[in-house]
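The structure appears right after this line, and notes come after that.
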Amino acid sequence: MPKSLIHSKENTVNKLFLIIPFVSISLCGCAIFDSKDGPADTVKKDTFEVFFDFDKSTISDTAAKIILDAATSAKNEKITSITLSVHTDPSLRNSAGHSLAERRLNAISAELTKDGIPSGQIILSEVDTDMPIVPTEDGLHEPQNRRMEIILR
């Protein structure tokens, strides 16, 4: 019988010693990453979105909670500036739409200030009608396009 086909105890044991540590290391590696402790739980949220009713700049209860969450996060993370980026329906590319957007910016800014963010840390951006979440034809109103992004930097 050729020597390469002879299986001795010694040969089998050596192979096992080579395989077992590899398997053990692999299993240990898998056990370290439990879904409860994974890296996703440590990711900081840096953008919050607030949506508005049609032709309104009032802060709803849901919006107030989101703004409070953003303010709390900014204070906890010692954020030095918050940018408010307002987005409107593409159908509001006129002075009335810009006026409404400014009222929304001011409402969010006032709420952040009420929640403890110094007004000097709040940066108001220009109105953006070119980045809708849901593309629409001219004249159509889409609730998801009436939003404000609160961006922590």
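Every number in this text was worked out from the coordinates using simple rules, so none of it is lab data. Note that the coordinates shown come from a computational prediction; the quantities given were computed from them, not determined experimentally. Ideal geometry is used to build each Cβ from the backbone, glycine not excepted, and the neighbour counts take in all protein chains shown.
Values as computed for the structure displayed
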| read-out | value |
| --- | --- |
| Protection proxy ranking of 109-121, 54-66, 138-150 - average other beta-carbon atoms within 10 Å, highest first | 138-150, 109-121, 54-66 |
| For a label point 7 Å along the Cα-to-beta-carbon line of PHE51, residues of segment 135-153 with backbone N under 16 Å | 135-136, 141-150 |
| Label zone at ASP115, where the point sits 7 Å out along the Cα-to-Cβ direction: segment 51-69 residues whose backbone N lies under 20 Å | 51-53, 56-69 |
| Distribution of pairwise C-alpha distances over segment 45-152, 5 Å bins, in % | 2, 13, 26, 24, 17, 11, 5, 2, 0 |
